[in-house]
Amino acid sequence: MTAYLLRRTAFLVVSLFLAAVVLFLLLRLIPGDPANALLSVGAGPDQVAAARHLIGTDRPLPEQFVSWLGEMSRLDLGSSFVSTLPVGPEIAARLVVTVPLTLIAFLLAVVIAVPVGFLAAYRAGTWYGSVLSALSQLGIAVPVFWVGMLLITVFSLHLGVLPAGGFPQDDWADPGDALTSLTLPVVTVALVMSASLIRYVRSATLDVLGSDYLRTARALGSSFIGAMWRHGLRNAVVPVVSILGIELATTFLGAVVVESVFALPGLGGMLVKGFAQHDYPVIQGILVVSTFTVLLIGFAADLVQRLIDPRLRRSLGGNLSGDGA
């Protein structure tokens, strides 16, 4: 298991490095000069050159990359070209909004998807089982920002029961106000995420319902609930766990998008502003943090899947013995 963890950790580091290379190069392909964000309209060539020297974009790209990589190795995400403030603390301050939004939306999506997905599988031959499957398929096709605008139209503009956007200036000093501000964004992300998760839960449940071991347990006198609890639950959970990791990562990315729709002071607004100003350190910092979060979630999901599935642990032990031989 230790060797497996070391391999997975090495894979995590290599993946993060490759992602950093791709992000660095792609950002430099975006049209526009970040030095212009520091200058007024009509600035002369000397002023532009001085601004480029100030932020370091006049250096060769390999030198810029090595410098940035050195900063990242010290957990320093650099300083904003525009505000000159450190990017790391600014991202940490924005996570106060993004992380709660992600986690609450993810938990709500699971609460919705698990019973609905199970019911859609258990009643697959009925009309309402088909309706549930069709609705989940429709939810997958609907863009998350469209759902957000629809909820704003209904609950904010027409009913006036929830705020259309914004977040308290004192953050979580009043949890009630903060949760009220996050209600529509949370529901928006949860509805879209639960739609895809329902499909996976339904598929995993159908596999268990059609399995020989479940039919054997029923034939030996176990009730359906008892057979599912003792024999079917773990087998249904194993494939869903890996999907939950993917869905949690997707929820995080979806939350970043939804923040722009609801004008929340999270990573989404910071990222949009960074792109508008060609603020490379801000954009790179947010994307690196997001990439690391996604990779870490995938790593954790894979580890949990192996812990709950003895077949994977036996396969892991066999592979390690073979490697040693």
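The values are calculated or read from the model by the stated rules, or taken from the named source; none is laboratory data. None of these values were measured; they are calculated from a predicted model. Don't worry about glycine lacking a Cβ; one is built from the backbone with ideal geometry, like all the others, and counts go over all protein chains shown. Ligands, DNA and RNA are excluded from the accessible area calculation, which covers all protein heavy atoms including side chains. Shrake-Rupley method; radii C 1.70, N 1.55, O 1.52, S 1.80 Å.
Restricted to helices (runs of 4 or more DSSP H) entirely inside the range 1-85, those with at least 2 residues that are in contact with a Gly (Cβ under 7 Å, 6 or more places away or on another chain) and within 20 Å of residue 274 (Cβ to Cβ) are 61-73.
Looking across the range 276-311 at every residue that is under 26 Å from residue 81 (Cβ atoms) and either free of Cβ contacts under 8 Å to residues at least 24 places away in the same chain or touching a strand residue (DSSP E or B) at 6+ places or on another chain (Cβ under 7 Å) (or both), the one that is surrounded by the fewest Cβ atoms within 10 Å (Cβ to Cβ) is identified as 276. Under the condition of being part of a loop (DSSP other than H, G, I, E, B) and in contact with a Gly (Cβ under 8 Å, 6 or more places away or on another chain), the residues counted in the range 254-270 number 3.
With 27, 38, 23, 16 as the choices, which residue is open to solvent by 40 Å² or more (accessible area, probe 1.4 Å), among the hydrophobic types (A, V, I, L, M, F, W, C) and touching a residue at least 60 places away in the same chain (Cβ under 8 Å)? First the steps, then the outcome.
Details: 27 fails: open to solvent by 40 Å² or more (accessible area, probe 1.4 Å); 38 fails: touching a residue at least 60 places away in the same chain (Cβ under 8 Å); 23 fails: open to solvent by 40 Å² or more (accessible area, probe 1.4 Å).
Only one candidate qualifies: 16.
The numbered conditions (1) modelled with pLDDT under 90; (2) in contact with a Leu (Cβ under 9 Å, 6 or more places away or on another chain) are all true for residue 125 except (2). Residues of the range 228-240 include at least one that is open to solvent by less than 40 Å² (accessible area, probe 1.4 Å) and at pLDDT 70 or above.
Summed over the range 128-157, residues that are in a helix (DSSP H, G or I) and either farther than 23 Å from residue 259 by Cβ or open to solvent by less than 40 Å² (accessible area, probe 1.4 Å) (or both) total 18.
Within the range 175-188, identify whether any single residue is surrounded by 13 or more Cβ atoms within 10 Å (Cβ to Cβ), in a helix (DSSP H, G or I), at pLDDT 85 or above and of a type in the set (D, E, K, R), and answer yes or no. Break it down stepwise before answering.
Here is the first cut: in the range 175-188, the ones surrounded by 13 or more Cβ atoms within 10 Å (Cβ to Cβ) are 177-188.
Among the residues that remain, those that are also in a helix (DSSP H, G or I) are: 177-188.
Filter once more, so that each one left must be at pLDDT 85 or above: 177-188.
Restricting the remaining residues to those that are of a type in the set (D, E, K, R) gives 177.
Yes: the range 175-188 contains one or more residues that are surrounded by 13 or more Cβ atoms within 10 Å (Cβ to Cβ), in a helix (DSSP H, G or I), at pLDDT 85 or above and of a type in the set (D, E, K, R).
What are the residues in the range 102-127 that are surrounded by fewer than 18 Cβ atoms within 10 Å (Cβ to Cβ) and either touching a Phe, Trp or Tyr at 6+ places or on another chain (Cβ under 6 Å) or outside any helix (DSSP H, G or I) (or both), if any? Once the filter is applied, which keeps residues that are surrounded by fewer than 18 Cβ atoms within 10 Å (Cβ to Cβ) and either touching a Phe, Trp or Tyr at 6+ places or on another chain (Cβ under 6 Å) or outside any helix (DSSP H, G or I) (or both), the range 102-127 yields 123, 124, 125, 126. Within the range 86-99, being within 19 Å of residue 294 (Cβ to Cβ) and either open to solvent by 30 Å² or more (accessible area, probe 1.4 Å) or outside any helix (DSSP H, G or I) (or both) holds for 92, 94, 95, 99.
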